[in-house]
Amino acid sequence: MGFKETKTVDQVLNEVIKYTRHVPRVVEVTISEALNKYLAEDVTARFDVPGFNRSAVDGYAVRSIDTFGASPTNPIMLRVVGFMAVGDDPSKYSLNPGEAVEISTGAPLPLNADAVVMYEDTRRSGDYVEILKPVPPMGNVSRRGEDVKANEVMYRRGMKILPWDLGVLASMGVYRVKVFSPRVAIISTGNELVEVTDTPASGPPPGRVINSSRFVIEGLLKSLGCEPNYLGIVGDDEDRIAKVVGDALRDHDAVITTGGVSVGKVDYTIRAVSRLNPEYLNHGLSIRPGRPNSIAVVNGKPVFMLSGFPVAAATGFDVLVRPVLLYMMGAADDPKSVIRGVLIRRVSTPVNTRSFVRVRAYLGRDGRVYIEPLALTGSGVLSTLVRGNGILVVPENREGFDEGDEVEVALIRPLFTEGP
């Protein structure tokens, strides 16, 4: 017997966030440890960056008033009194009328200087420099606080820390930040599962399956800045599943189970989680693959019950786990890399179901992008995510796309440069 009725992803997400009240764990880390984490508080600059007026070009620091009226036919002569390098003290020189200081890009302006004339607009003559073009006040100068001003809120709670942010934080004098680090339990269910470490070189015994979904979920959680905690395989035992999930909820921010969520006789996970008195429970989604993916909320914490099939579990993670965990951290998802191309084969999908079709996007010899569907069925065919490089999403209000249609694909790997 199949699912009697399933809800759309948007319906479920709108419902589940009403019950998800738990705030994930917050830890303080050094900026070197903060990469790909989401900030748990605003970050304010301690001082101006740069902390002084500095030259934006190589040339001569001057008093701008001394350059007014300069031209190639009427150069203004200034006496060069020294050289300012990066790292010099601004008080090393103090300009008097008619003086200039040779200066490097990034060096602080000497006292009384308010502009820099580029080398290209000068002509050197011994201890003097001819100014061939006037410069306005603060011309070619990077002003104090131009990058960041003291007490300015540069980073907001929920922002993801990217590589260049580490340099900005350091330049602001920030070495430690508070970030979300959700601790998420992973529980695999099913008598058929064996660990890869327990599998002989000849492969698993007949009827047994290596627990590969666990590694997919671990990787996806780490990409969200979460701390996955794998609790092992639990057999098809309703009492045992209920106890392990219940125990995990006490010291984790969320729980993810895989397997046991369809409508068969041995699908115990839904019944086990139902015994934990959830405030919210939804069994099944109108998606393909991954129709059995489900979610519950127990004491304000989400319990994600994903399919035991790797591709269906990965799809469930993207449509359920990712948006709910990001909501808990007050964060937004990363923008997806998308490309448009011509479909080389018809894709037929069920109506009222959002379908995620694995595809191979490649650049043809004619310079056009083509999209080849790889698998229309088979939620366990994990290799399609390796052989392919994109996901074609067919919305609920369509029954597919025709051959020759131009479609938009979310890339999960770079565009291939060769045909099939």
Positions within region 180-211 being under 18 Å from L306 (Cα atoms) and open to solvent by 40 Å² or more (accessible area, probe 1.4 Å), in sequence order: R183, N191, E192, V209, I210
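Search region 1-55 for residues being small (G, A, S) and surrounded by fewer than 17 Cβ atoms within 10 Å (Cβ to Cβ), and hand back the single one that is farthest from L325 (Cα to Cα).
It comes out as G51.
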Count of region 1-57 residues which are polar (S, T, N, Q) and closer than 30 Å to V116 by Cβ: 2
Breaking point among (1) open to solvent by less than 50 Å² (accessible area, probe 1.4 Å); (2) within 30 Å of V351 (Cα to Cα), for L281: (1)
Residues that are closer than 30 Å to V29 by Cβ and charged (D, E, K, R), drawn from region 189-226: R214, E218, K222
Enumeration of residues in region 341-360 that are open to solvent by 50 Å² or more (accessible area, probe 1.4 Å), among the polar types (S, T, N, Q) and not in a strand (DSSP E or B): N352
Selection status of T258, touching a Gly at 6+ places or on another chain (Cβ under 8 Å) and open to solvent by less than 10 Å² (accessible area, probe 1.4 Å): yes
Failed item in (1) open to solvent by 10 Å² or more (accessible area, probe 1.4 Å); (2) closer than 25 Å to G235 by Cβ; (3) more than 28 Å from the chain's Cα centre (by Cα); (4) at pLDDT 95 or above, with K301 passing the rest: (3)
Selection count where residues are modelled with pLDDT under 90 and in a loop (DSSP other than H, G, I, E, B), scope region 366-396: 9
Whichever residue in region 331-340 is in a loop (DSSP other than H, G, I, E, B) and touching a residue at least 40 places away in the same chain (Cβ under 8 Å) and, among such residues, is most open to solvent (accessible area, probe 1.4 Å): K336
Residues satisfying the stated conditions in region 213-261, i.e. touching a residue at least 40 places away in the same chain (Cβ under 8 Å) and among the aromatic types (F, W, Y): Y230
Extreme residue, most open to solvent (accessible area, probe 1.4 Å), among residues of region 143-177 that are closer than 16 Å to A45 by Cβ and in a strand (DSSP E or B): R176
Residue satisfying all of: in region 125-142; open to solvent by 30 Å² or more (accessible area, probe 1.4 Å), at pLDDT 95 or above and not in a loop (DSSP other than H, G, I, E, B); nearest to A56 (Cα to Cα) among these: E130
Some residue of region 38-58 being free of Cβ contacts under 8 Å to residues at least 24 places away in the same chain and basic (K, R): no
Qualifying positions in region 268-278 - open to solvent by 60 Å² or more (accessible area, probe 1.4 Å) and either modelled with pLDDT under 95 or over 13 Å from V244 (Cα atoms) (or both): R271, N277
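The values are calculated or read from the model by the stated rules, or taken from the named source; none is laboratory data. Please read all numbers here as calculations on a predicted model, not as lab measurements. Note that we place each Cβ from the backbone using ideal geometry, even for glycine, and neighbour counts take in every protein chain shown. SASA here: full protein model, heavy atoms, side chains in, ligands and nucleic acids out. Shrake-Rupley method; radii C 1.70, N 1.55, O 1.52, S 1.80 Å.
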